[in-house]
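See below for the structure under consideration.
What follows is calculated from the coordinates using simple rules that are stated; it is not laboratory data. Everything numeric here is computed off the predicted structure, so don't read it as measured data. With ideal geometry, Cβ positions are generated from the backbone for all residues, glycine too; neighbour counts draw on all protein chains shown.
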Amino acid sequence: MNLHEFQGKELFRAAGIPVPPGEVARSADDAATIADRLGYPVVVKAQVLIGGRGKAGGVKVVKNRDEVLREAGRILGMDIRGHVVRQVLITPATDIEKEFYAGIVLDRKFETPLLMVSPSGGVDIEEVARMAPEKILRVHLDGRGLPAYRARAAARFLDPRFPVQKQIVPILTRLAALYHDQDASLAEINPLVVSPKGEVWALDAKVVIDDNALDRHADLAGMRDLGAEDPGEVEAREKGLSYVRLDGTIGCVVNGAGLAMATMDLIQYHGGKPANFLDIGGSSNPDKVTAAMNILTRDARVRAVLFNIFGGITRCDDVARGLLTALDRIGMKLPIVIRLTGTNEQEAREILSGRGMTALSDMDEAVRAVIARAAEAA
Amino acid sequence: MSILIDRSSRVLVQGITGRDGSFHAKQMRDYGTRVVAGVTPGKGGTDVDGIPVFDSVEEAVQKTKADVSVIYVPASLAQDAIYEATDAEVPLVVCITEGIPARDMIEIAAYLNGRSTRLIGPNCPGLISPGQCKVGIMPGFIHAPGRIGLVSRSGTLTYEVVWQLTRAKMGQSTCIGIGGDPIIGTRFTDALALFEGDDKTDAVVLIGEIGGADEEEAAALIESTMTKPVVAFIAGQTAPPGKRMGHAGAIVSGGSGTAQEKIARFERAGVPVAKVPSDIPRLVQAALERGRPKLRVVAGGAGGAAAARKKAAPKKRAVSRPVAKPAAKRGATKKGTGARPAAKRRAKPARAKSRH
């Protein structure tokens, strides 16, 4: 689960990482009220769950009330790569002498968290890694977390001045503790700045929480911004499905994540465009199938739907019955192609043909059929 | 023969009185697996369909000599279940459970380091040596005994491929689902090394997907040490970046972990990559006829593999990629697996470097 900048900063503040004051506004008037209170100049920052907002014009420094009203009004409602801005963070503008990067990610290969710091902050760390890899220091965090001596080494890598290092060390150890305690999969400060007075501040916060750990973080689970997510993805999660919206015309309902990905790929391979990834899991539960169909039918671009089910422990005849129950419930109008194979395939075929439906058993054949149906329906 | 499990394996089921545990315990037994015990704290002394239930893994192992444990407990209890089986020194632990927090797995990975237990999973379908032993949730009937090894990060996609192999008269020695999480016990490289050392496996099918760099590691290992042909398939070519595709580990992040990168890396290693799943049997057949003449560096054990990986590192490095760690992650020489020598799990010099 991705957190907004202001939510990440709340976590930072609670962990003792120095963050400038700031408040969130949902209207230009509120933004101006907050800015008046904080004192000018302030920065108006779009709160969206996607990177690149600065380049898109979603971050502006303003000097007075008129400018706040104008810029907050412009940024609120703005579309940044498909994400509509509904909130802006108002925070005092900070003078910057130096910008660093500090971030912790999960290193899958080493099976530990990995702290990366770089004196080249304020830009994409992937970019730094490509252009100047020597400017990144990597520190693997083992069971000890981040011992102070290693934090000191990282601080020395960032800045030669001891008074600055002394401020960076606790920021890094607290960031490491936060990453661990909050079950983060990413905790990033970019930029971590030094002001002309020599003070160190975290000017941005990017925190991602491990979805699998949300059960033990009720406070964080409550931070989920449902308005910022695709409604289909929200509904799917509530129903225990895994759904990702894509931009094609062929809806697919598949059991199993790997098979669902392979189905999308196969649609593209045969010249079609998948409208989604959707994994209904191993069950034949009509409720899940109904929820899946509801999500797909709400997507106006979907022209035809492919069911691709490998019946293993879940029997094909059960899946067929679940499908018919679901179709009766929602009165589906879209053309459907069904592919069933595995346990009790024959019985499933008979159940479906009793209702005038055909089930194919070959995956390539089914994909070609659904592409043809989608083309007819377009 | 087969790798890791065979008809002599004695299986215990952790969480046997739960819905999934009891169902699959019976399914496994019906397949012919010797399911000798179950464990559910507080239910010791009872039985599930004649399978004796114990309060602890330690007691179950003592009384039944179980040497494989399969875990069907909820995610919140899974870490403890893995610890319990590890401390009881069960040689092979298979964790089916999905949804374990990454932090729990980080701790498990560190704990397993240097211990004798091999973990498969979590978030996996388990493994099967067709005709002999099934440990997991896969449908048994789609498999047939034979000489093709299979290793996969997926569940139903694996069944799909197995079913196609079986219908093409290509039986399997062992099929392993290693799981769809970012941190897993046995990786592609470990499984490949085991298949390489198994004289009843002629070729290996590897089914990967987006996310992480385990496929790239596998390609480097194949390039440097494998004499048997490998055929690959990678799912997720149409997956958008930054979106998790069902599996916790299936995500393209920071521009790395794409299907395209993985496919290109396999092709560079001389591994045929199927464009569609239905192509796999044909490619396996062709690879078997052709053999694998491409071996460039013949080296046993981890040193050779690690050296080869360095050489073969993809050009555009992802940020989070540290220096290589040895391929054979955990003791690959568990009794009777016929694998190459165990390597130290972590590359100590590399770690020291990152500490500078």
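Estimated at 0.36 nm per residue, the fully extended path between residue B:23 and residue B:6 surpasses their Cα-Cα distance by 4.0 nm. As a proxy for reagent exposure, A:12, B:188 were ordered by neighbouring Cβ count within 10 angstrom, fewest first; the result is A:12, B:188. Across the range A:7-106, the volume of the C-alpha convex hull divided among the residues equals 117 Å³ per residue.
Based on alpha carbons, the Rg and Dmax found for the range A:247-378 are 13.1, 37 Å. Volume per residue of the convex hull around the Cα atoms, evaluated for the range A:247-302, comes out as 59 Å³. Per-residue mean of foreign Cβ neighbours for A:227-239 is 0 (Cβ atoms of other chains, 10 Å radius).
Exceedance of the 23 Å cut-off in Cα-Cα distance is limited, within the set A:9/A:135; B:26/B:63; A:60/A:135; B:134/B:169; A:109/A:273; A:239/B:26, to A:9/A:135; A:60/A:135; A:109/A:273; A:239/B:26. Computed over the Cα atoms of the protein assembly as shown, what is the ratio Rg over Rh, Rh following Kirkwood? Using Cα coordinates only, the ratio equals 0.98. Here the calculated FRET efficiency for residue B:47 and residue A:197, from their Cβ-Cβ distance with R0 = 60 Å, stands at 0.25, rounded to the nearest 0.05.
Each label was represented as a point 7 Å from its Cα along the Cα-to-Cβ direction; for residue A:63 and residue A:361 these points are 7.7 nm apart. Global dimensions of the range B:124-214 from alpha-carbon coordinates: Rg and Dmax equal 12.1, 34 Å.
Using equal-weight Cα scatterers in the Debye expression, the normalised intensity of the range A:21-78 in log10 at q = 0.13, 0.20, 0.21, 0.30 Å⁻¹ is -0.27, -0.65, -0.71, -1.35. Among the trypsin sites (Lys or Arg not before Pro) in the range B:102-193, those placed in a DSSP loop whose Cβ has at most 16 other Cβ atoms within 10 Å are B:115, B:169.
Just the Kirkwood number for the range A:183-261, please: inverse of mean 1/r across all distinct Cα pairs, in Å, one decimal. Radius from the Kirkwood sum: 16.0 Å. The mean of 1/r over all pairs of different alpha-carbon atoms in the range B:28-170, once inverted, gives a Kirkwood hydrodynamic radius of 16.1 Å. Legend: translational diffusion of the range A:71-230 by Stokes-Einstein, Rh = Kirkwood radius over C-alpha pairs, 37 °C, 0.692 mPa s; D = 191 µm²/s. Other protein chain C-beta atoms within 10 Å of residue C-beta, averaged over B:135-143: 3.
Take each peptide in A:118-126, B:137-145, count the other Cβ atoms within 10 Å of every residue, and average; sorted highest first, the result is B:137-145, A:118-126.
Going by a ≥ b ≥ c, the root eigenvalues of the Cα gyration tensor, does the range A:95-175 fall in the rounded group (a/c under 1.5), the prolate group (a/b larger than b/c) or the oblate group? Oblate, because a/c is 1.5 or more while a/b does not exceed b/c. Taking the empirical scaling 2.2 N^0.38 Å for compact globular proteins as reference, chain A has a Cα radius of gyration ratio of 1.21. Restricting the range A:216-315 to GluC sites (Glu not before Pro) that sit in a DSSP loop and have at most 16 other Cβ atoms within 10 Å of their own Cβ leaves A:229.
Average projection, convex hull of the Cα set of the range A:315-378: 4.3 square nanometres. Peptide B:146-157 shows a mean partner chain C-beta count of 4 within 10 Å per residue C-beta. Rg/Rh, computed from the Cα trace of the range B:212-294 with Rh as the Kirkwood radius, has the value 1.00. Restricted to Cα atoms, the range B:47-102 shows a radius of gyration and a Dmax of 11.5, 36 angstrom. Positive end of the dipole of the range A:156-218 (Cβ unit charges, origin at the Cα centre): among A:162, A:184, A:172, the Cα lying farthest that way belongs to A:162.
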